[in-house]
1. Please count how many residues of region 160-186 are more than 24 Å from ASP49 (Cβ to Cβ) and crowded, with 16+ Cβ neighbours inside 10 Å.
2. Please note which strands (runs of 3 or more DSSP E) are completely contained in region 227-297 and include at least 1 residues that are hydroxyl-bearing (Ser, Thr, Tyr), touching a strand residue (DSSP E or B) at 6+ places or on another chain (Cβ under 6 Å) and more than 18 Å from GLY313 (Cβ to Cβ).
3. So if I check each of ARG85, ARG98, which one is of a type in the set (Lys, Arg) and either under 30 Å from LEU193 (Cβ atoms) or over 29 Å from the mean Cα position of the chain (by Cα) (or both)?
4. Consider LYS273 carefully, then state whether it is of a type in the set (Lys, Arg), under 20 Å from VAL285 (Cβ atoms) and modelled with pLDDT under 75.
5. If the requirement is being surrounded by 15 or more Cβ atoms within 10 Å (Cβ to Cβ) and of a type outside the set (Val, Ile, Thr), which of these qualifies: GLY291, GLY313?
Amino acid sequence: MKPLFSIVLLCVCLLVQYNTANSQVKSEAELVESLIISLQNKDSRSYIDLFPGFDMMSQLIMENADKGSETYRKMQYLQENYEARLHYDSTMKQALDRNFVDFIRQGTAAGIHWDRIIFLRYELDKIRTGRGLLDEKIAPLRFLGYVFVKDQLTRKTFAFTVFDIMQINDLWYGGELANVFQASTKDQFHEKLAAEKKRLRNLELGIVDTTAEAKGHVTGDDEDTDKPSLLKEVVERKFYTGTFDNEIQVQLYVRYIRGGCPEVICSWDALFKFGDQDGYVKMDVSRNPDGSWLFSEDLGGMELMLKGDTYTGSYASSSDKTEYVVKFRETPIPPKKVMALDEMLELGTYDE
């Protein structure tokens, strides 16, 4: 793991405004309202203003960081070096602006007329946070937001996500705009998202999919990888226990699915449990030609190598790129637990 370097990167990513007055939002509802207004007006500047400012973040970091840490020294350097601070500020503003512009284009391609949208509702899901200064002391409350809007011109409902909405000292900030689809429920949104991920995986493999799903229209005729496991032929099940950084206890359940490919095993599905979290997280699984395995979810992903009964590699957080050293070892699993984990994958309920 490279926690100090990663924390500095994340903190720098938040240094996007020297004046924090515009970014102080007192409720999640007000934050979503401000976000909608920025989208209606295609105003990237007002979107950037929703993120924390340098003065506030630098003060919080220096109050909470160890004075001998690299994080503290980096922040002190930025406070004292105007040109370096200006460079980082410009770089991160550009990154946020690109996120906003790319998202506007994505929504336009999906059929949204941004100036005609009206807000319908939002839902916030608390996201699992990792370790480190930001997660433990500065912004322990962070959320994934689902926002639903209606295009008044077409009367269609769309949903999109806002990742890493943060509550800091009773104020709300963020977050990253991602994934917009025509959908009126979270379930419909996730169906569209799964179809889009499969389309992108197929493109990487050189497979051109001309079905309705490839165009973002999910039907009842899902591909084999997303059918309930009762309709799949599960060839093998493996359960692993291990640690992140030899400290955080983690679990991984992997199933091997038979298909029509020459390799016989054509796909995998997996569940992952982090630390003392109450439930499991479904992971998307793929294997590269070099033999490395990729396990991914909304909050991050693992790149692992399997040697014998042991996975080794790293986990990287999507939000701040914090990395953990990963080691899993295959362990026996009682039949009762196998049944429970299979049921989670079949029904999409991941709480124990």
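1. Initial filter on region 160-186 (more than 24 Å from ASP49 (Cβ to Cβ)): 181-186.
Keeping just the survivors that are crowded, with 16+ Cβ neighbours inside 10 Å gives 181-183.
Final tally of qualifying residues: 3.
2. On the way: elements: 234-244, 248-258, 265-274, 281-287, 293-297.
It comes to 248-258, 265-274.
3. On the way: ARG85 fails: either under 30 Å from LEU193 (Cβ atoms) or over 29 Å from the mean Cα position of the chain (by Cα) (or both).
Exactly one residue qualifies, and that residue is ARG98.
4. Working: of a type in the set (Lys, Arg): yes; under 20 Å from VAL285 (Cβ atoms): yes; modelled with pLDDT under 75: no.
So LYS273 fails the test.
5. Values: GLY291 fails: surrounded by 15 or more Cβ atoms within 10 Å (Cβ to Cβ).
Of the residues listed, the single one that is surrounded by 15 or more Cβ atoms within 10 Å (Cβ to Cβ) and of a type outside the set (Val, Ile, Thr) is GLY313.
The values are calculated or read from the model by the stated rules, or taken from the named source; none is laboratory data. As the structure is a prediction and not an experimental result, all values here were calculated from the model. Glycine gets a Cβ as well: all are built from the backbone with ideal geometry, and neighbour counts include every protein chain shown.
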